[in-house]
Amino acid sequence: MSALRLTELHVGGVRCLSDVTISVPSAAPRVLFGGNGTGKSSVVEALQLLTRVGDGTFSMVQVGASSLLEHGASRITLGITASSGATEVRYQLRATATDGLAVDFEKVETVDASGQATLLLSRVEDTLEMPTVPEFARSVWLRPSHVALKDFGGHSEEPVFRQLVELICGIEVFAPLDTSPAWVKRGATGPRASANLEPAKRLAQDGHNLASAFHALRNELGDDHWNETMALVRAGLGQHIETVTTPADSAAGTLSLRLKYRGTSDQVPAVGISSGSLAYLGWVALVRLSADSGAVVIDDVDQGLHPRALTSVARMFEELAVKRPVIICTRSERFIASLRDPANAAHWLEVNDARRTRVRSPNPAALQGWVERLRVVDDCVLAPG
């Protein structure tokens, strides 16, 4: 079986996400749009929680676990569907969250092209059955702290379990990068800070290794890759950007990030780069150092970006979504308007009178009119004075 690709997420019992299913397109980002309190950040938190299934730390969530719960609920449900060719793989987990997280239900099954389901793992309370794995032909007793998929399935000979764990471990969740000015933080932090002089295969989820990420892009992936990276930088920040440099301080063992503008020898350090520009550089680094599997989850992609930069971000994530799933949560109308095919990519999150979220596909004709009005406004803003 080839690598699995995430196609659907199910969340239940998490704050206003009482029973929500979110589909993930195969070649476009899934953009979740909604106002405050509609569940966008709860979707991101649910995916962050899911990653703990893969790295073995799910049951270590103790303090604050009950804050995840929908009012009146005692359990949360997380589920994913992934595909490999004509085969679907479904995983579901349920856990009580009143006093830490305690798993009481798990299920893994495959569904072939004809709709025939094959059960691979069933866990109910403290009993585990894995019918297709010889060493688990009979029931095994589990503790609530066990996550059967990781603790038992991941060590079996059944490849589906390994691929599911790899898929879950490959989910990368990015909250808004902290681009606060150094004087506010009483020192440079996050992407404004110097990074340790060490290899960077990915952008860290808090962006603290942004300098190392650009150092890798500039020096380790070839001239063509770097030229394409700089074309993206200029697409969002302007053609007056000559390059991004990452000078090293060998005594301190660190790298710093700087922007060099055309026509001047001066280089602006990260502490002096605008918050929007720094956030944009973070999105460039994320996309250009991205893996080919797992999913990328972005919370609040806007970060005060200029419409031109936001359009460039939309294009980057649209291209990335061709090779790996991308889920973006936003309240930015302009980001929706920047998408090539907003009717296919965007879903609306709304809450009903019971404060429960529902996912709605927009009316294509109404959405197109709304998008065109926004684009007219942006054209006026971007037009030369």
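The values are calculated or read from the model by the stated rules, or taken from the named source; none is laboratory data. Because the structure is a prediction, the values reported are computed rather than measured. Virtual Cβ from ideal backbone geometry, glycine too; neighbours counted across all protein chains shown. Just the protein is used for accessible areas: all its heavy atoms, side chains included, with ligands, DNA and RNA removed. Shrake-Rupley method; radii C 1.70, N 1.55, O 1.52, S 1.80 Å.
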Test for Ser114: is it open to solvent by 70 Å² or more (accessible area, probe 1.4 Å), farther than 26 Å from Ala321 by Cβ, polar (S, T, N, Q) and out of contact with any Asp or Glu (no Cβ under 9 Å at 6 or more places or on another chain): yes
For the subset of segment 139-151 comprising residues that are in contact with a Leu (Cβ under 7 Å, 6 or more places away or on another chain) and modelled with pLDDT of 85 or more, which member is farthest from Ser83 (Cα to Cα)? Ala148
Residues located in segment 186-225, provided they are of a type in the set (A, V, I, L, M), closer than 15 Å to Val287 by Cα and assigned to a loop (DSSP other than H, G, I, E, B): Ala200, Leu203, Ala204, Leu221
Anything in segment 274-301 that is in contact (Cβ under 8 Å) with a residue 12 or more places away in the chain, open to solvent by 10 Å² or more (accessible area, probe 1.4 Å) and farther than 28 Å from Leu167 by Cβ? List them, or say none. Ser275, Gly276, Ser277
Cβ pairs under 7 Å, 6+ apart, first in segment 6-25 and open to solvent by 20 Å² or more (accessible area, probe 1.4 Å), second of a type in the set (Asp, Glu) and assigned to a strand (DSSP E or B): Thr21/Glu8; Ser23/Glu8
Reported set for segment 225-242 where residues are surrounded by fewer than 17 Cβ atoms within 10 Å (Cβ to Cβ) and farther than 22 Å from Pro307 by Cβ is His225, Asn227, Glu228, Glu242
Which condition number in (1) touching a helix residue (DSSP H, G or I) at 6+ places or on another chain (Cβ under 6 Å); (2) outside any loop (DSSP other than H, G, I, E, B); (3) free of Cβ contacts under 8 Å to residues at least 40 places away in the same chain is the one that Trp183 fails? (1)
Test for Ala213: is it small (Gly, Ala, Ser) and either open to solvent by 70 Å² or more (accessible area, probe 1.4 Å) or closer than 25 Å to Glu172 by Cα (or both): yes
Would you check which residues across segment 69-96 are under 20 Å from Cys16 (Cβ atoms), part of a strand (DSSP E or B) and open to solvent by 20 Å² or more (accessible area, probe 1.4 Å) and list them? Leu69, Arg75, Thr77, Arg94, Thr96
